[in-house]
Amino acid sequence: MSVKYKIYQDNRKNIKNKGYWYARSVTTGQVGIKEMADRISDRCTVTESDILAVLSALVTEMEYELKNGYCVKLDGFGSFKLALRSHGVAQIKDFSATKHIHSPHVLFRPEYHIGADKVRLQTFLQGVKVEEMPTYEGVDKGDKGGKGEKPGPVENP
């Protein structure tokens, strides 16, 4: 198992590295809560319906706590918190929450452990492997998107 990536060329105007090639991760499907509950029930004595009930309650409780300004930490998993964006104003007296605050969103930070080499190891990234997508939909793979020159070989980290 590995994370797939595609190579793309950044051709935006007025950027320092115009024309550089980059990797972008590609999802290869989606797994829903029901499928995960089924797999979890195979690993323990809890039934799929019990798992679904607990996860549903967890979502409800997390929403409640996040909306009340709490950070929700799930041990061994990570933490969630609400964040927002705002437009700036020149004078503090001109700031209005209803006018200037926008785009509330949830931030997730995976749990990490510090290894022997004092490097942070994120729970979900330990041992991750990457490989290039074998085909790019509708594009000749040798051309990597049809823009610019073909990049050299890409090594897995």
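The values are calculated or read from the model by the stated rules, or taken from the named source; none is laboratory data. Treat the numbers as computed from the prediction; the structure is a model and nothing was measured. Glycine also receives a Cβ, built like all others from the backbone with ideal geometry; neighbour counts cover every protein chain displayed.
Computed values, structure above
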quantity	calculated
Tally, over region 67-83, of residues that are part of a loop (DSSP other than H, G, I, E, B) and without any contact (Cβ under 8 Å) to a residue 24 or more places away in the chain	4
Hits in region 29-50 - residues which are charged (D, E, K, R) and surrounded by 10 or more Cβ atoms within 10 Å (Cβ to Cβ)	LYS34, GLU35, ASP38, ARG39, GLU48, ASP50
Extreme residue, farthest from GLU131 (Cα to Cα), among residues of region 1-22 that are part of a strand (DSSP E or B) and not β-branched (Val, Ile, Thr)	GLN9
Hey, PRO104 at pLDDT 80 or above, under 26 Å from the mean Cα position of the chain (by Cα), farther than 30 Å from VAL59 by Cα and exposed (fewer than 13 other Cβ atoms within 10 Å of the Cβ) or not	no
Test: residue in region 64-75 that is under 26 Å from GLY29 (Cβ atoms) and β-branched (Val, Ile, Thr)	no
Some residue of region 51-64 being surrounded by 13 or more Cβ atoms within 10 Å (Cβ to Cβ) and in contact with a strand residue (DSSP E or B) (Cβ under 8 Å, 6 or more places away or on another chain)	yes
Some residue of region 84-96 being among the acidic types (Asp, Glu), without any contact (Cβ under 8 Å) to a residue 24 or more places away in the chain and over 30 Å from THR135 (Cα atoms)	yes
